[in-house]
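Every number here is computed from the coordinates shown, using simple stated rules; none is lab data. These figures come from a predicted structure and were not determined experimentally. Cβ placement follows ideal geometry from the backbone for every residue including glycine, while neighbour counts extend to all protein chains displayed.
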C-alpha cells in the first residue's frame, strides 16, 4: 500500500513538473509573439547575442544594467541619439533575447569579453561607451562610501547620478540622459557631432 501511494505521489509530481514546463514554453512563445526582437543576432562564443544598430556618426555603445534589455534604451532614448551617432545597443548575455548557457560564466569579465567581441564583429573602433547602473548607483558614486576610489581606478570615467526610478530613468529622464551623453561625446573630442541642444540637468 505504501509503495502504491509513493508511486502515485511521484507520478503526480512528474505530471505537475511536465505541466509547468509546457506552460513556461507556451508563455515564452506568447511573449516573443507580442514583443519580438527589435534588432539582429550575432553568434559570439557560441551564444546568440541580440543587438540594435541604428544611426550614423561616431559609434556609441549603450549597455544596460542588471535585469535590463535593449528596450530600456530604444523606448525613449534611441530616437534622440541616432541622428548624431551610430548607436549600438545589446542585450547582455542572459538578458533580453541574448542567450547564456548554464555552463557559461556570468561574471563581469565574461560579459566584458562578449561585449568586446561584439564590438570587433561590428567594426566598432573606440566607441563612446555608456553604461547604466541601477539600484546601488548612489552608493557607487557617493564619496562618503568609496571616496574617489572608482574615479582613481578609471581616471577617464565620467560618472553622473541621475535621480530616477530604476529602469524607468531612461524613459522618465531621457532628455537628461541624452544631454549627459552629448557632454561626454564633446569631451571625447567627437568634434564632428552636431548635437541638438539639450536641457541641462
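General observations
- Cβ crowding within 10 Å, taken as a proxy for footprinting-reagent exposure, orders 24, 70, 114 from fewest neighbours to most as 24, 114, 70.
- For the peptides 96-103, 44-51, 80-87, residues were scored by their other Cβ atoms within 10 Å and the scores averaged per peptide; the highest-first order is 80-87, 44-51, 96-103.
- Order of 119, 9 - criterion: other Cβ atoms within 10 Å of each residue's Cβ, fewest first: 9, 119
- The stretch between residue 116 and residue 28 holds 28.8 nm of extra length on full extension. This uses 0.36 nm per residue minus the Cα-Cα distance.
- Counting neighbouring beta carbons within 10 Å and listing from fewest to most, the residues 77, 66, 122, 61 come out as 66, 122, 61, 77.
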